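Trainee: The structure under discussion is supplied below as structure tokens; questions concerning it will follow.
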Amino acid sequence: MSTEFELKYAATAAQLKQIQAALPGNYISIAMETTYYDTPGHTLSARKWTLRRRLENGVSICTLKTPAGGLGRNEWEVERDSIEAGLPELCKLSGLAELTSLTRDGVIPVCGARFIRQACRMETEDATVELALDEGILFGGGRELPFSEMEVELKSGSKTAACRFAQILALRFGLTPEEKSKFRRALTLAQGE
């Protein structure tokens with residue numbers, strides 16, 4: 001298990017281009033196609049758990065995320081071809097006994113996202129972060145919503161330094177904090193809200 005700590009900011013496509021131009025580095029382009037799953041009774045999302053399968057440049061990664069307090073999330077990942085193949089391993093890795101019982105009757109796709117990520121590792125004063133510039137669409141319930149956002153994810157070092165780095169960029173480029181995850185925003189579409 002790892003604990004994910006990231007900050008998200010809503011942006012425009014133009015702002016993302018400005019950020020990438022202002023912060024040169026070894027950016028990697030990743031085509032991402034994400035499907036989020038839940039039980040038919042929506043018991044995972046009710047617990048604020050996220051279950052997804054994401055194709056990252058064609059590689060299938062199954063992920064489970066649970067709250068870890070504050071901006072942190074517990075995260076387990078396994079490379080499997082389908083969520084059905086990944087779920088037993090995620091149950092084992094997470095050690096969450098209730099996950100097995102909650103998903104016993106299977107899971108269903110509820111929403112998703114398709115986007116291109118420009119990702120680059122950067123060193124700050126006291127941290128290594130991944131700067132991710134995402135642009136694409138969220139979808140659910142037959143609806144689509146375009147989005148652009150910047151994420152700063154702490155890879156090692158100080159959370160304070162990662163926050164400072166993200167806040168400086170947000171201020172410099174006029175970005176606003178994005179409180180909701182891609183999953184929560186796509187789920188809102190699926191629920192017709």
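Trainee: Just the residues that are of a type outside the set (Asp, Glu), over 24 Å from Phe139 (Cα atoms) and open to solvent by 60 Å² or more (accessible area, probe 1.4 Å), please, taken from the range 96-113. Before the answer, list the steps.
Mentor: Filtering the range 96-113 down to residues of a type outside the set (Asp, Glu) leaves 96-97, 99-104, 106-113.
With over 24 Å from Phe139 (Cα atoms) added as a condition, the list becomes 96-97, 99-102, 104.
Within the range 96-113, Ala97, Thr100, Arg104 meet the criteria.
Trainee: Being surrounded by fewer than 16 Cβ atoms within 10 Å (Cβ to Cβ) and part of a strand (DSSP E or B) is the filter here; which residues of the range 73-93 pass it?
Mentor: Glu79, the sole residue that qualifies.
Trainee: Of all residues in the range 1-34 being assigned to a loop (DSSP other than H, G, I, E, B) and hydroxyl-bearing (Ser, Thr, Tyr), which is nearest to Thr63 (Cα to Cα)? Explain how you work it out, then say what you get.
Mentor: Step one: filter the range 1-34 for residues assigned to a loop (DSSP other than H, G, I, E, B), giving 1, 11-12, 23-27.
Retained after the next criterion (residues that are hydroxyl-bearing (Ser, Thr, Tyr)): 12, 27.
Details: Thr12: 28, Tyr27: 23 Å.
Among residues in the range 1-34 that are assigned to a loop (DSSP other than H, G, I, E, B) and hydroxyl-bearing (Ser, Thr, Tyr), the one nearest to Thr63 (Cα to Cα) is Tyr27.
Trainee: Additional query: Among the residues that make up the range 114-127, is at least one of them buried (at least 16 other Cβ atoms within 10 Å of the Cβ) and farther than 18 Å from Leu23 by Cα? Quick ask: steps written out before the conclusion?
Mentor: First, pick out the residues of the range 114-127 that are buried (at least 16 other Cβ atoms within 10 Å of the Cβ): 115, 117-120, 124, 127.
Cutting the leftovers down to farther than 18 Å from Leu23 by Cα gives us 115.
So far as the range 114-127 goes, yes, one or more of its residues are buried (at least 16 other Cβ atoms within 10 Å of the Cβ) and farther than 18 Å from Leu23 by Cα.
Trainee: If you don't mind, another one. Six or more apart or on different chains, Cβ atoms under 8 Å: show the pairs whose first residue is in the range 5-26 and on the phi < 0 side of the Ramachandran plot and in contact (Cβ under 8 Å) with a residue 12 or more places away in the chain and whose second is of a type in the set (Gly, Ala, Ser) and part of a helix (DSSP H, G or I).
Mentor: Listed pairs, sorted by first residue: Phe5/Ala162; Leu7/Ala162; Leu7/Ala166; Tyr9/Ala166; Tyr9/Ala170.
Trainee: In the range 144-179, which residues are under 14 Å from Asp134 (Cβ atoms), surrounded by 12 or more Cβ atoms within 10 Å (Cβ to Cβ) and not hydrophobic (A, V, I, L, M, F, W, C)?
Mentor: Scanning the range 144-179 gives Ser148, Glu149, Glu151, Glu153, Glu178.
Trainee: Right, something else. Going through the range 141-192 one residue at a time, which ones are closer than 26 Å to Arg114 by Cβ, without any contact (Cβ under 8 Å) to a residue 60 or more places away in the chain and among the small types (Gly, Ala, Ser)?
Mentor: Hits for the range 141-192 are Gly141, Gly142, Gly192.
Trainee: Condition first: of a type in the set (Val, Ile, Thr) and more than 25 Å from Leu175 (Cβ to Cβ). Now tell me which residues in the range 17-63 satisfy that. Before you say what the answer is, go through the steps one by one.
Mentor: Restricting attention to the range 17-63, the residues satisfying the condition of being of a type in the set (Val, Ile, Thr) are 19, 28, 30, 34-35, 39, 43, 50, 59, 61, 63.
Result: Thr35, Thr39, Thr43, Val59, Ile61, Thr63.
Yes or no, residue by residue, for (1) of a type outside the set (S, T, N, Q); (2) within 16 Å of Thr12 (Cα to Cα); (3) in a strand (DSSP E or B):
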{"residue": "Ser101", "(1), (2), (3)": "no, no, no"}
{"residue": "Pro109", "(1), (2), (3)": "yes, no, yes"}
{"residue": "Gly112", "(1), (2), (3)": "yes, no, yes"}
{"residue": "Ile116", "(1), (2), (3)": "yes, yes, yes"}
{"residue": "Arg121", "(1), (2), (3)": "yes, no, yes"}
{"residue": "Glu135", "(1), (2), (3)": "yes, yes, yes"}
{"residue": "Glu144", "(1), (2), (3)": "yes, no, yes"}
{"residue": "Met150", "(1), (2), (3)": "yes, yes, yes"}
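The values are calculated or read from the model by the stated rules, or taken from the named source; none is laboratory data. Note that the structure is predicted; figures quoted are calculated from it, not measured. Note: ideal-geometry Cβ built from the backbone for every residue, glycine included; neighbour counts use all protein chains shown. Remember, those area values only see protein heavy atoms, side chains included, never the ligands or the DNA or RNA. Shrake-Rupley method; radii C 1.70, N 1.55, O 1.52, S 1.80 Å.
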